[in-house]
Amino acid sequence: MEQVKVCAMTAEHISELARLEKLCFSEPWSEAGLAAELENENAFFRVARDAHGNVLGYVGMHCVAGECYIDNVAVFPDARRKGAASALLNDLVDWARQNSCAFVTLEVRPSNSGAIALYQKFGFEEVGRRKRFYRDPDEDGLILTLNL
Ligand SMILES: CC(C)(COP(=O)(O)OP(=O)(O)OC[C@H]1O[C@@H](n2cnc3c(N)ncnc32)[C@H](O)[C@@H]1OP(=O)(O)O)[C@@H](O)C(=O)NCCC(=O)NCCS
């Protein structure tokens, strides 16, 4: 990607991110669910955009007492493999380090080899498995954690 800019999620991104959620997930976050995060002081939601301001993807995380839980990472299909998710995760991990957080953790489908490869590049390690964490289709959730 020639240029990926990362900024805070604002109200103007919500409809595009809800569209992205529907493209990516069987249980997508709604516009209302995303908009609620704008008011949540524990939420850290960031958006990647190209040089023209087009939304490429986003990441969402919640942090309480230095423990960070990533909820969502998604990039539009035609923008993938160009570094957008990496730019978002760099931004997120930098923020977590600057705020003296202990770890960042997330769940991922074992079948999602692309996402697992991405997280492993950032140093996330498998620490456990939640049985039948996902629905439609049913699948366990691998727990990947990056200790900071
Ligand atoms: C997973 C996802 C967020 C990756 O976004 P992206 O912007 O394409 O990721 P990046 O371009 O930053 O990839 C960085 C590295 O991660 C790895 N990677 C990313 N996608 C991969 C894939 N499909 N297959 C293999 N490796 C992959 C590669 O090592 C890649 O580096 P490279 O392109 O130089 O080989 C994107 O594919 C996506 O939105 N998928 C659908 C939603 C999803 O599954 N989210 C994760 C839920 S836990």
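No value in this document is a laboratory result; all are computed from the given coordinates. All values reported here derive from a predicted model rather than from experimental measurement. Every residue, glycine among them, receives a Cβ derived from its backbone with ideal geometry; neighbour counts consider all protein chains shown.
Select from Tyr69, Asn42, Asn112 the residue farthest towards the positive end of the dipole of the chain; place +1 on Cβ of Lys and Arg, -1 on Cβ of Asp and Glu, and compute about the Cα centre.
About the Cα centre, the residue reaching furthest to the positive side is Asn112.
Which value, in debye to the nearest 20, gives the size of the charge dipole of the stretch 94-148 about its Cα centre, when Lys and Arg are +1 and Asp and Glu are -1 at the Cβ?
So the magnitude is around 60 debye.
With unit charges on the beta carbon (Lys/Arg positive, Asp/Glu negative), name the residue among Cys7, Asn99, Ala51 whose Cα is farthest towards the positive pole of the charge dipole of the chain.
Ala51
Determine the dipole magnitude for the chain: charges of +1 sit on the beta-carbon of Lys and Arg, -1 on that of Asp and Glu, nothing else is charged, the reference point is the Cα centre, and the result goes in debye to the nearest 20.
Once rounded to the nearest 20, the dipole reads 440 debye.
Summing +1 for each Lys or Arg and -1 for each Asp or Glu, what net charge is found among the other residues whose Cβ lies under 13 Å from the Cβ of Pro110?
Computed value for this residue: 0.
What is the Cα convex hull volume of the chain when expressed per residue in Å³?
109
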